[in-house]
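A short worksheet on the structure shown next.
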Amino acid sequence: MMEKWMVFINPISGNNSGEQAWKKMKPLLDQMKISYEAHYTEKAFHAISLAKDARDKGYNRFVSIGGDGTINEIINGVFLSDHQNDIPKFALIGIGTGNDTIKTFGIPSKPEKAVELFSKGKFKTIDLGKVYFQNEKGERASRLFVNIAGMAFDAAVTDNANNAKQSMGKLAYLKGVFKTLSSYTPGKVKVRIDDREPIEDIMFSLNVSNCKYSGGGMLIAPHAVPDDGKFAITLIKNVGKWRIGANIYRLFNGTLEKVNGIELHSGKKVKVEASPETMVEVEGELLGAAPFEFEIMPSSIELLVP
């Protein structure tokens, strides 16, 4: 059982390309004599319950065929189980709109290339992040994440981008950026990193990151190292909408820190106080409202990488 992979396929990821990706992968896995059991997800959050059930049964190897949201659901489901006697292992086949999680690790975006890692790859131990927030019922809730948590402007962009995914695919996030720029008003935010003096200012956007990329390849956290036991924190203060728009290109070349008013930090714990309208998203899913608390979970999972 411990060497057998549990495969979860999100058939609607990547504009309904999940099933096609699995059809390409399955004969390759069979040819490599990889032992597995496969299940399709049927609705939002279904992967959470499927992953929890698999972990309860003793599985410790999981394959995600889907987007960043599918990866997030599987990881959260695995850690809901009481069976945590070993470090779970994950293989990621990114077929979603953004596919940001795989970019930090150089995992191929084509399923037939990514599946080669089952014979040629290696396992890398990495951290996870955990965020606490207020859910829609006003209750304190939490969520694990492997990639990036975005707040304020970033969360508003995610909300707009999700509405455009079906029609625009990978351009949805960029469209969301410019749509949100026209209407978004930044608010005052207080950020405390570890035990340092708090940073209090008008904040346009904030990111607490374990990995580097968001929004379909934007390098929002160039200083992120997913196995160093620390978050990479990006603070974008009230630098003005015109300057944000003029420096969009820096989101792709890793030079954000050259803009006056953008700060890069690192730390193990982050607390964010802001207005109740300030939201947080992880892996492209809008979660809830401020206040937020983040804690790093060092060496939590093993990821199959080149």
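The values are calculated or read from the model by the stated rules, or taken from the named source; none is laboratory data. It should be emphasised that the depicted structure is a prediction, and the values quoted were computed from it without experimental measurement. Backbone-built Cβ (ideal geometry, glycine too); neighbour counts: all protein chains shown. Note: accessible area is taken over every heavy atom of the protein model, side chains too, but ligands, DNA and RNA are not part of it. Shrake-Rupley method; radii C 1.70, N 1.55, O 1.52, S 1.80 Å.
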Would you tally the residues in the range 233-265 being more than 22 Å from K188 (Cβ to Cβ), over 18 Å from the mean Cα position of the chain (by Cα) and not acidic (D, E)? 10
Of all the residues that make up the range 249-265, how many are in contact with a strand residue (DSSP E or B) (Cβ under 7 Å, 6 or more places away or on another chain) and aromatic (F, W, Y)? 1
Quick one: which helices (runs of 4 or more DSSP H) lie wholly within the range 1-76 and hold at least 2 residues that are open to solvent by 10 Å² or more (accessible area, probe 1.4 Å), over 30 Å from G215 (Cβ atoms) and not acidic (D, E)? 18-31
Check the range 212-232 and report whether any residue there is modelled with pLDDT of 95 or more, of a type in the set (S, T, N, Q) and under 27 Å from I74 (Cα atoms). no
Going residue by residue through the range 207-217, is there one that turns out to be surrounded by fewer than 20 Cβ atoms within 10 Å (Cβ to Cβ) and out of contact with any Gly (no Cβ under 6 Å at 6 or more places or on another chain)? yes
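Among what's in the range 101-151 and is among the aromatic types (F, W, Y) and not in a loop (DSSP other than H, G, I, E, B), pick the residue that is farthest from E295 (Cα to Cα).
Selected residue: F118.
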Please state which one of G169, G187 is more than 17 Å from the chain's Cα centre (by Cα), at pLDDT below 95 and closer than 23 Å to V239 by Cα. G187
For the range 198-244, which residues satisfy the criterion of being in a strand (DSSP E or B) and among the aromatic types (F, W, Y)? F204, F231
Yes or no: L304 more than 16 Å from P198 (Cα to Cα), touching a strand residue (DSSP E or B) at 6+ places or on another chain (Cβ under 6 Å) and open to solvent by less than 60 Å² (accessible area, probe 1.4 Å)? yes
Would it be correct to say that E281 is over 19 Å from the mean Cα position of the chain (by Cα), assigned to a strand (DSSP E or B) and in contact (Cβ under 8 Å) with a residue 24 or more places away in the chain? no
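Quick check: anything in the range 139-151 over 30 Å from S275 (Cβ atoms), open to solvent by 30 Å² or more (accessible area, probe 1.4 Å), of a type in the set (K, R) and at pLDDT 95 or above?
There is no residue in the range 139-151 that is over 30 Å from S275 (Cβ atoms), open to solvent by 30 Å² or more (accessible area, probe 1.4 Å), of a type in the set (K, R) and at pLDDT 95 or above.
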